[in-house]
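Everything below concerns the one structure shown next.
The values are calculated or read from the model by the stated rules, or taken from the named source; none is laboratory data. The shown structure was predicted, so the numbers you read here are calculated from the model rather than taken from an experiment. In this analysis, Cβ positions are derived from the backbone assuming ideal geometry, glycine residues included, and neighbour counts consider all displayed protein chains. Please note that ligands, DNA and RNA were not included when accessible areas were found on the heavy atoms of the full protein model with its side chains. Shrake-Rupley method; radii C 1.70, N 1.55, O 1.52, S 1.80 Å.
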Amino acid sequence: VTCPESHRYFIERETTDDNDETDSFLDVICYYATHDELNSTVKFVGEGSNSASKSMFTTCDEDVEFKKLLWTCVLYIVRDPNNSIAHEIITNREFIAALLMYTNPSDNSLSHQRWQPPQMKEIQLHALSIIFNLVPLVPEHFHSREGHSILIHFLSTYNDYERKHSCLKALLNTSEYD
């Protein structure tokens, strides 16, 4: 993934015999990297079992590391400023929106509530690092998701140095784009 020459293989789509395009490998990585945030819902007692999808990942440390690894893979594939196809994929897959869920203190979704405080801090710091790197690539998408407002709210919510520092770096990067 770190070799830029390989990135074209991640965004290629194959055409089937019926002229249908299949998802690229980056589409698949984004799907798994954002599944729990964008597709999972909480099942309450009395709801039908078919109405909600389950979380794909657990809260064990291995799954936290795997989630962070998927996010990092996406970043490495899309970080070329000239790779508009990859930028379109992360925009269509709502990758930024999934990352912003972890930095939005008002978010009440299952993906935000199920983590232990040390895990949540680790995920938030990683999400902020990825956001810091992605904002220059898709600034319009970030702003259309109210990312700057979410980061300001995050900054006013937490008091520890690490989160404030990471958030301020991301905000500084967002301030360079209208």
| Between a first residue in region 156-178 that is farther than 14 Å from residue 134 by Cα and a second residue that is assigned to a loop (DSSP other than H, G, I, E, B), which pairs have beta carbons less than 7 Å apart while being 6 or more apart in sequence or on different chains? | 157/105; 164/158
| query | Looking at (1) in contact (Cβ under 8 Å) with a residue 12 or more places away in the chain; (2) of a type in the set (A, V, I, L, M, F, W, C); (3) open to solvent by 40 Å² or more (accessible area, probe 1.4 Å), which is the one condition that is false for residue 142? | reply | (3)
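Here's the yes/no breakdown for (1) modelled with pLDDT under 95; (2) loosely packed, with under 13 Cβ neighbours inside 10 Å:
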position: 63; (1), (2): yes, no
position: 67; (1), (2): yes, no
position: 71; (1), (2): no, no
position: 80; (1), (2): yes, no
position: 85; (1), (2): yes, no
position: 95; (1), (2): no, no
position: 109; (1), (2): yes, no
position: 117; (1), (2): yes, yes
| remark: Residue pairs within 9 Å by beta carbon, gap of at least six or interchain, first lying in region 1-15 and under 10 Å from residue 85 (Cβ atoms), second acidic (Asp, Glu) and at pLDDT 75 or above, listed first then second, are 7/80; 11/27; 13/23; 13/27
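So, residue 122, is that one surrounded by fewer than 20 Cβ atoms within 10 Å (Cβ to Cβ) and either at pLDDT 95 or above or of a type in the set (Gly, Ala, Ser) (or both) or not? Step through it out loud before you land on a result.
Numbers: surrounded by fewer than 20 Cβ atoms within 10 Å (Cβ to Cβ): yes; either at pLDDT 95 or above or of a type in the set (Gly, Ala, Ser) (or both): yes.
When the stated conditions are applied, residue 122 passes them.
Within region 84-133, count every residue that is among the basic types (Lys, Arg) and more than 12 Å from the chain's Cα centre (by Cα).
2
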| Do the conditions hold for residue 140, that is, is it charged (D, E, K, R) and within 14 Å of the chain's Cα centre (by Cα)? | no
